[in-house]
Amino acid sequence: MDALRLTQYAHGGGCACKIPPGELEDAVRDLTGQSVGEVLVGLDDGDDAAAVRVGSLAVLSTADFFTPVVDDPYDFGRIAAANALSDIYAMGGRPVVALNLVGWPRDVLPMSVLTEVLRGGLAIGTEAGCPVLGGHSIDDPEPKFGMAVTGVADPDALLRNDAAVPGMPISLTKPLGVGVLNNRHKSTGEVFPQAIASMTTLNADAASAAVAAGVRAATDVTGFGLLGHLWKMCRASGVGAVIDASAVPYLEGARSSLAEGFVSGGTRRNLEWVAPHVDSSLGEDELLLLADAQTSGGLLVVGEVPGAPVIGETVAGAPGIRVK
């Protein structure tokens, strides 16, 4: 198992293997507008999780899975689980139960490797106080792992991507850069503990702090990059945003990895999709970092979160992003 490189069994890795945002929006366009029952948050604005009112609670539901982002099976399980749970935290909720989602090339990779992946997922579930109770698996040409997660929240304190208002600071609770570091890891085998530590850190504390501070608009930064997820929030809320690129934090090694060409196709597609809505005189490298496809990234919060850097502000006017 020590010599096994899990990332070599998949064409992409982590959230960088998502279907491009523009293509995905076209695919689900006719599924929006559902209002059956007590729907609080549906598919319309591409928020992080669905929310329905059940009695006095908002019940949250999400699912997330992807191909290996790191070679170590246990760490892959931890990262995928933290990423799936993040959708619940991004809505201001608390996860209450999770189910494993598994695709496994059983004739290629030993089941003992899958055991390590599942063990990693369980470790994160235990840390989050969220039981992991079974799931579903299929025989698949590429290894895939993730979770379907159910959570609960106060309906009056949901964090939504359509609730941003002008004149508010924008905070980011984790540094960017895991995309280029993961791409470098897949290409070279180099291990980046700082990226693993970031991806396996739960967004629970950040979400609790945001809700306690009265925040109402937030999302998490994952496969569409900071610019992509911020654009979705601006569009859904009808506001603009200004980002100070010099204030955005990055993991050690991110800039040098970009300079050496370790940019995923997903990141380039992100920038291509969001570019018509971005006004900036900065060079392509800076914008690629801001569009870097993150896996299990931090929360992007319209408001201040203690300990998190403020990287910009929302502004009145047509939806769009200015990067300075």
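What follows draws every value from the coordinates through simple rules; no lab data is involved. Everything numeric in this text was worked out from a predicted model, so none of it was measured. As a convention, Cβ positions derive from the backbone with ideal geometry for all residues, glycine included, and neighbour counts pool all protein chains shown.
Values for this structure:
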{"quantity": "Two-site label geometry, Asp139 and Ser280: point separation in nm, points 7 Å out along Cα→Cβ", "calculated": "4.6 nm"}
{"quantity": "Candidates Val108, Val69, Val178, ranked by Gaussian network fluctuation over the chain, Cα under 10 Å, top entry", "calculated": "Val108"}
{"quantity": "Sorted by Cβ neighbour density within 10 Å, fewest at the top, the residues Arg269, Arg106", "calculated": "Arg106, Arg269"}
{"quantity": "Sorted peptide list for 75-86, 162-173, criterion being average Cβ within 10 angstrom, highest first", "calculated": "75-86, 162-173"}
{"quantity": "Counting DSSP beta bridges with both ends in the chain, the antiparallel % (nearest 5)", "calculated": "70 percent"}
{"quantity": "Computed FRET value (nearest 0.05) for Thr188 with Asp107, which takes r as the C-beta separation and R₀ as 30 Å", "calculated": "0.60"}
{"quantity": "Relative contact order (%) - the range 181-324, alpha-carbon pairs under 8 angstrom, separation at least six", "calculated": "43 percent"}
{"quantity": "Computed [θ] at 222 nm, helices only, for the chain once each DSSP H run of length n ≥ 4 contributes -39500 (n - 2.57)", "calculated": "-10000 deg cm²/dmol"}
{"quantity": "Zone residues, the range 288-307, relative to Val165, backbone N less than 19 Å from point 7 Å out along Cα-to-Cβ", "calculated": "301-305"}
{"quantity": "Sparse-neighbour loop sites [GluC sites (Glu not before Pro); the range 1-103; at most 13 other C-beta within 10 Å; DSSP]", "calculated": "Glu38"}
{"quantity": "Longest to shortest principal axis, alpha-carbon extents of the range 159-323, angstrom", "calculated": "44, 34, 22"}
{"quantity": "Taking the convex hull of Cα positions in the range 6-156, its mean projected area over all directions (nm²)", "calculated": "9.4 nm²"}
{"quantity": "Calculated P(r) tail over 37 Å for the chain, as whole % of Cα pairs", "calculated": "11 percent"}
{"quantity": "Global form of the range 9-91, assessed from the alpha-carbon gyration tensor, a/c cut-off 1.5", "calculated": "oblate"}
{"quantity": "Paramagnetic label zone (point 7 Å from Cα along Cα-to-C-beta, Arg53; backbone N under 13 Å) in the range 155-171", "calculated": "155-158"}
{"quantity": "Simple Cβ-charge dipole of the range 139-257, Lys/Arg +1 and Asp/Glu -1, about Cα centre, in debye nearest 20", "calculated": "320 debye"}
{"quantity": "Backbone N under 13 Å from the Val242 label point (7 Å along Cα→Cβ), restricted to the range 298-321", "calculated": "311-317, 321"}
{"quantity": "Selection from Ala247, Leu258, Met233 lying farthest towards where the dipole of the range 233-283 points positive, charges on Cβ", "calculated": "Met233"}
